[in-house]
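Engineer: Got a structure for you, questions after.
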Amino acid sequence: MQEKKADEVAVLDVRDLTSFTEYFVLCNGESEPQLRTISRNIEEKMTASGIRPHHLEGKSENGWILMDYDDFVVHIFSPEKRSFYDLERLWADAPRIPVSNGASAKVTR
């Protein structure tokens, strides 16, 4: 995500809140081409590691791309769609994992 200049990258630890995944990874892209580029980059890197998405949904034209990798779900938003869906508020009980320069630190509660 950060290689492609994604904004506001956030990781939510939802392990204690849901059974369908362990983490939500969220970010913003400023344009349709950037949303596509971010999603392609993620898919290429994951495929190179032997990991394929379980499910893909949404389109850059709609301002939201969802990439379900079972253990984690990636949400790539336009700023407007991220504000509209407000997953951070909906999952406010989920601890946030600090992210900097593509590396994550320990879970904060």
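Engineer: State the number of residues belonging to segment 21-60 that are among the β-branched types (Val, Ile, Thr) and without any contact (Cβ under 8 Å) to a residue 12 or more places away in the chain. If you could, list the steps in order and put the result at the bottom.
Structural biologist: Pass one, segment 21-60, residues among the β-branched types (Val, Ile, Thr): 21, 25, 37-38, 42, 47, 51.
Among the residues that remain, those that are also without any contact (Cβ under 8 Å) to a residue 12 or more places away in the chain are: 47.
The number of residues fulfilling the criteria is 1.
Engineer: Here are some residues: Ser49, Ser39. Which one is on the phi < 0 side of the Ramachandran plot, buried (at least 17 other Cβ atoms within 10 Å of the Cβ) and of a type in the set (S, T, N, Q)? Working first, answer last.
Structural biologist: Details: Ser49 fails: buried (at least 17 other Cβ atoms within 10 Å of the Cβ).
Exactly one of Ser49, Ser39 is on the phi < 0 side of the Ramachandran plot, buried (at least 17 other Cβ atoms within 10 Å of the Cβ) and of a type in the set (S, T, N, Q), namely Ser39.
Engineer: Before we move on, is Ala94 touching a residue at least 60 places away in the same chain (Cβ under 8 Å) and in a loop (DSSP other than H, G, I, E, B)?
Structural biologist: Considered against the rule, which asks whether it is touching a residue at least 60 places away in the same chain (Cβ under 8 Å) and in a loop (DSSP other than H, G, I, E, B), Ala94 comes out as yes.
Engineer: Out of the residues in segment 35-49 that are aliphatic (A, V, I, L, M) and more than 12 Å from Lys5 (Cα to Cα), which is farthest from the chain's Cα centre (by Cα)?
Structural biologist: Across segment 35-49, the extreme among qualifying residues is Ala48.
Engineer: Of a type in the set (D, E, K, R), under 10 Å from the mean Cα position of the chain (by Cα) and modelled with pLDDT of 95 or more, is that true of Asp16? I'd like the intermediate steps shown before the answer.
Structural biologist: On the way: of a type in the set (D, E, K, R): yes; under 10 Å from the mean Cα position of the chain (by Cα): no; modelled with pLDDT of 95 or more: yes.
Considered against the rule, which asks whether it is of a type in the set (D, E, K, R), under 10 Å from the mean Cα position of the chain (by Cα) and modelled with pLDDT of 95 or more, Asp16 comes out as no.
Engineer: Are any of the residues in segment 7-18 basic (Lys, Arg) and in contact (Cβ under 8 Å) with a residue 40 or more places away in the chain?
Structural biologist: Taking segment 7-18 first, the residues basic (Lys, Arg) are 15.
Now narrow it down to the ones that are in contact (Cβ under 8 Å) with a residue 40 or more places away in the chain: none.
No: zero hits.
Engineer: Another one. Out of the residues in segment 21-69 meeting the condition of being assigned to a loop (DSSP other than H, G, I, E, B) and touching a Ser or Thr at 6+ places or on another chain (Cβ under 7 Å), tell me which one is nearest to Val9 (Cα to Cα).
Structural biologist: Step by step, filter segment 21-69, then rank; the result is Gly29.
Engineer: Here is a follow-up. Can you tell me which of (1) at pLDDT below 95; (2) within 14 Å of the chain's Cα centre (by Cα) is the one Lys81 doesn't meet?
Structural biologist: The one condition Lys81 does not meet is (1).
Engineer: How about segment 61-90: which of its residues are more than 23 Å from Phe20 (Cβ to Cβ) and in contact (Cβ under 8 Å) with a residue 40 or more places away in the chain?
Structural biologist: Correct list: Ser78, Pro79.
The values are calculated or read from the model by the stated rules, or taken from the named source; none is laboratory data. Note that the coordinates shown come from a computational prediction; the quantities given were computed from them, not determined experimentally. Cβ coordinates were reconstructed from backbone atoms using ideal geometry, including for glycine residues, and neighbour counts include every protein chain displayed.
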